[in-house]
């Protein structure tokens, strides 16, 4: 694969990842708002539930459309789980601490979502899907059409 083609592929992966992450972010922010404003859950529990919903959404679409991977789904989910086994306790801790320190919960959520976005893209590209990018039926059909 030429450098120009690889750069183009990476660019489009980043665009797709960004768009799916925005949609996951909407799911996370909306579910957080419902749990925070209407249900009146503490920050940490509303955050955890909203995070799980967004991760499930993001995983499904990024595996199929961004990285076009035919990877073993349980293995990929286990790797994503490992990422979140580290990220979730840390982000819950710092988010709760920032909120108790007087920072608005939505500002904390936005900051945490940005950190998650960057970390998750790098982790998924270079760990979860590293050897299986462009191996699913969508990628194969595109190669055949070229």
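The values are calculated or read from the model by the stated rules, or taken from the named source; none is laboratory data. All figures in this text were calculated on a predicted structure; none of them were measured in a lab. So basically every Cβ, Gly included, is an ideal-geometry build from the backbone, and we count neighbours across all protein chains shown.
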Residue check for residue 69: farther than 19 Å from residue 92 by Cβ and part of a loop (DSSP other than H, G, I, E, B): yes
Picked from segment 34-54 (must be free of Cβ contacts under 8 Å to residues at least 12 places away in the same chain and in a helix (DSSP H, G or I)), the residue nearest to residue 139 (Cα to Cα) is 52
Can you tell me which of 48, 90, 79 is over 30 Å from residue 8 (Cα atoms) and surrounded by 14 or more Cβ atoms within 10 Å (Cβ to Cβ)? 48
Yes or no: segment 98-112 includes at least one residue that is surrounded by fewer than 14 Cβ atoms within 10 Å (Cβ to Cβ) and within 11 Å of the chain's Cα centre (by Cα). no
Just a yes or no: is a residue in segment 22-38 under 18 Å from residue 118 (Cα atoms), modelled with pLDDT under 90 and either surrounded by fewer than 14 Cβ atoms within 10 Å (Cβ to Cβ) or in contact with a strand residue (DSSP E or B) (Cβ under 7 Å, 6 or more places away or on another chain) (or both)? no
Being within 25 Å of residue 16 (Cα to Cα) and either touching a strand residue (DSSP E or B) at 6+ places or on another chain (Cβ under 8 Å) or touching a residue at least 40 places away in the same chain (Cβ under 8 Å) (or both) is true for just one of 60, 66, 92. Which residue is that? 66
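Conditions tested, residue by residue: (1) within 18 Å of residue 91 (Cβ to Cβ); (2) within 13 Å of the chain's Cα centre (by Cα).
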position: 18; (1), (2): no, yes
position: 22; (1), (2): no, yes
position: 27; (1), (2): yes, yes
position: 32; (1), (2): yes, no
position: 36; (1), (2): yes, no
position: 42; (1), (2): yes, no
position: 45; (1), (2): yes, no
position: 51; (1), (2): yes, yes
Would a scan of segment 97-108 turn up a residue that is in a helix (DSSP H, G or I), at pLDDT below 90 and more than 19 Å from residue 130 (Cβ to Cβ)? yes
Name every residue in segment 1-10 that is more than 17 Å from the chain's Cα centre (by Cα) and either assigned to a helix (DSSP H, G or I) or within 19 Å of residue 64 (Cβ to Cβ) (or both), in order of residue number. 3, 4, 5, 6, 7, 8, 9
